[in-house]
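Worksheet: the structure to be examined is printed underneath.
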Amino acid sequence: MKKAIIVGTGAGGATAAKELQGHFDVTILEAGKEFRPFSFDLSIPEKLKKMGLLFNEKLIQILFPNMRIRKTRDRMILVNGLGHGGTTTICTGNALRMDKRLKELGINLDDEFEEIYREIPVTTDHRSLWRKTTEKLYEISQEMNLNPQITPKMGHYDRCRSCGRCVLGCRQGAKWDSRYYLRMALEKGAQMISECKVQRVMIEGGRAKGVLAKQRGRTQLLQADLIILAAGGFGTPVILERSDISCEPHLFVDPVLCVAAEWEGSYQNQEIPMPFFIARDYFILSPYFDHLSFFFNKNWSCPARDIVSMMIKLADNNTGAISRGKIRKALTERDKERLSEAVAICKEMLHRLGIKKKDMFLGTINAGHPGGMLPLTEHEADSLHNPRLPENLYVADATLLPESMGNPPILTIIALAKRVSKVCINHWE
Ligand SMILES: Cc1cc2nc3c(=O)[nH]c(=O)nc-3n(C[C@H](O)[C@H](O)[C@H](O)COP(=O)(O)OP(=O)(O)OC[C@H]3O[C@@H](n4cnc5c(N)ncnc54)[C@H](O)[C@@H]3O)c2cc1C
Ligand code: SF4
């Protein structure tokens, strides 16, 4: 059987591993370790915050090594998951189909989405878990004709304890993440090498021969007939650049900004996050307790249980780049205008809840949906293969997305990775 190497175990990588094992002898290379949910009681970081010890968001990585934090020059916080399951382990479980733009390019993923809905349980049956404040915000958004929709969630939400800690990993096993697919791949016989960071793809005579990977200080060449990169929107472009394959300066990240206020007994910090959403052309709005802002932003000074917050998730201009491993990403004037428009709607919602606009405060801008640096075009609608890649090297993660969606991308990345896998089986098995 031919050998395939898959880099990364997030939404794209775990999917490709599950789909390809059996057709190929799959080896999965993962830079991080096994994922463990953040185990501490949140009163501990709350105490550290009061003592003034939480002054830099990067400190999270010490307590929670599966979360990677970076800062841009403009102080935007970039978040991604590192370890088995990639960023899906710290997601909030939102399960939206977001392939309209891909369809316009001629990429029809109907079959792949059908498969996904057979494999991953998706539900909107979680309203019994909502707090009173959320119910009220839902009513307010209906009054304002904002057409709120209950968020589809992936997983077994009958197990959800509404603890509000989704972004720290689910201790109840309620939320679905890509470790489910990873486990299936391993059960079918795939091999996984953890703490193995891929540096570059080795190319000889126009073909990818293998990857150079570093594990515990030792660099080795691992050879394969087929190589699939799924190291995520921040990781894959770095590997490609080191392999002398340039990407496009089209990085997007879906920035998040929260508009918050003190609201006694809101308990949003102990509630299923993003229970409903309001979709607009360039952003979505959703109730969300932002742990990052709460612990690190001085404006978030009241007790966690007494904060009410609305999240804005923006579809940003894809004008970022990664060069020599450094991420360049700033909000454009258009991004800022759209954010202001969204802030005004959130403020009006909180005002209708009974809060004075002068008492509202903003969170720290953070982002965790990177992608777009090797975007698919209509020319690659069938092959899903960018011609600048050697013929036996594919990408199967958010790097392929043609534009920022300002929306949860996991299901769409999984659908794309499924299609990439089918193409690989047809051409290379
Ligand atoms: C806090 C947060 C909440 C989110 N919530 C949602 C949500 O509710 N719904 C949703 O749809 N999306 C959500 N997202 C976004 C979603 O999780 C990501 O967009 C998605 O997981 C990206 O998939 P990917 O395969 O591109 O990369 P990832 O899932 O990030 O996987 C990349 C993998 O590659 C590994 N890796 C990186 N570099 C290397 C290397 N050099 N060598 C080997 N391995 C490497 C990483 O450890 C990781 O396993 C959220 C993101 C964040 C940060
Ligand atoms: S809110 Fe529910 S799904 Fe999220 S971490 Fe808690 S138990 Fe898991």
Checklist entry - Counting just the residues of segment 30-57 that are within 15 Å of ligand 1 (Cβ to nearest atom) and of a type outside the set (Gly, Ala, Ser), which one comes out surrounded by the most Cβ atoms within 10 Å (Cβ to Cβ)? => result 30
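Residues are listed down the side, and each one gets a yes or a no for (1) open to solvent by less than 20 Å² (accessible area, probe 1.4 Å); (2) among the hydrophobic types (A, V, I, L, M, F, W, C); (3) at pLDDT 95 or above:
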{"residue": "379", "(1), (2), (3)": "no, no, yes"}
{"residue": "382", "(1), (2), (3)": "no, no, yes"}
{"residue": "387", "(1), (2), (3)": "no, no, yes"}
{"residue": "390", "(1), (2), (3)": "yes, no, yes"}
{"residue": "393", "(1), (2), (3)": "yes, yes, yes"}
Next on the checklist: Scan segment 31-40 and tell me whether some residue there is farther than 17 Å from residue 169 by Cα and of a type in the set (A, V, I, L, M, F, W, C).
Outcome noted: yes
Item to check | Candidates 59, 48, filtered to the one that is modelled with pLDDT under 95, out of contact with any Ser or Thr (no Cβ under 9 Å at 6 or more places or on another chain), assigned to a helix (DSSP H, G or I) and within 29 Å of residue 314 (Cβ to Cβ) | outcome: 59
Checklist entry - What single numbered condition from (1) within 16 Å of ligand 2 (Cβ to nearest atom); (2) farther than 28 Å from residue 56 by Cβ; (3) part of a strand (DSSP E or B); (4) among the hydrophobic types (A, V, I, L, M, F, W, C) fails to hold for residue 311? => result (2)
Checklist outcome for this item: residue 226: passes all of (1) surrounded by fewer than 23 Cβ atoms within 10 Å (Cβ to Cβ); (2) more than 14 Å from ligand 1 (Cβ to nearest atom) but (1)
Checklist outcome for this item: Expected output for segment 1-29 (first residue open to solvent by less than 10 Å² (accessible area, probe 1.4 Å), partner away from ligand 1 (no atom under 16 Å from the Cβ), Cβ below 6 Å, 6+ apart or cross-chain) is 4/24; 4/226; 24/2
Checklist entry - In segment 172-189, which residues are open to solvent by 30 Å² or more (accessible area, probe 1.4 Å), more than 19 Å from residue 158 (Cα to Cα) and not in a loop (DSSP other than H, G, I, E, B)? => result 179, 183, 184, 186, 187
Item to check | Qualifying position, being assigned to a loop (DSSP other than H, G, I, E, B) and either at negative phi or without any contact (Cβ under 8 Å) to a residue 60 or more places away in the chain (or both), among 237, 249 | outcome: 249
Checklist entry - Hey, among 77, 116, 140, which residue is closer than 24 Å to residue 266 by Cβ, surrounded by 17 or more Cβ atoms within 10 Å (Cβ to Cβ) and under 19 Å from the mean Cα position of the chain (by Cα)? => result 77
Checklist outcome for this item: Reported set for segment 353-366 where residues are open to solvent by 60 Å² or more (accessible area, probe 1.4 Å), touching a residue at least 60 places away in the same chain (Cβ under 8 Å) and either farther than 30 Å from residue 69 by Cβ or out of contact with any Asp or Glu (no Cβ under 8 Å at 6 or more places or on another chain) (or both) is 362
Checklist outcome for this item: Residues of segment 149-187 being over 24 Å from residue 13 (Cα atoms), hydroxyl-bearing (Ser, Thr, Tyr) and within 15 Å of ligand 1 (Cβ to nearest atom), in sequence order, are 151, 157
Next on the checklist: If residue 9 satisfies all but one of (1) more than 27 Å from residue 157 (Cα to Cα); (2) β-branched (Val, Ile, Thr); (3) part of a loop (DSSP other than H, G, I, E, B), what's the number of the condition it fails?
Outcome noted: (1)
Checklist entry - Among (1) within 30 Å of residue 403 (Cα to Cα); (2) away from ligand 1 (no atom under 11 Å from the Cβ), which single condition is residue 216 missing? => result (1)
Checklist entry - Could we say that residue 350 is in contact (Cβ under 8 Å) with a residue 12 or more places away in the chain, more than 20 Å from residue 248 (Cβ to Cβ) and open to solvent by 20 Å² or more (accessible area, probe 1.4 Å) here? => result no
Checklist entry - Looking at (1) under 27 Å from residue 134 (Cα atoms); (2) at pLDDT below 95, which is the only condition residue 313 fails? => result (2)
Checklist entry - List pairs: first in segment 151-162 and assigned to a strand (DSSP E or B), second within 7 Å of ligand 2 (Cβ to nearest atom), Cβ under 6 Å, 6+ apart or cross-chain? => result 153/93; 154/93; 155/93; 155/174; 155/175
Item to check | Search result, residues across segment 314-347 that are open to solvent by 70 Å² or more (accessible area, probe 1.4 Å) and not in a helix (DSSP H, G or I) | outcome: 319, 324, 326, 328
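The values are calculated or read from the model by the stated rules, or taken from the named source; none is laboratory data. Since the model is a prediction, treat every value here as computed from it, not as a measurement. No Cβ is skipped: glycine too gets one built from the backbone with ideal geometry, and neighbour counts run over all protein chains shown. Calculation scope for accessible area: heavy atoms of the full protein, side chains included, ligands and nucleic acids excluded. Shrake-Rupley method; radii C 1.70, N 1.55, O 1.52, S 1.80 Å.
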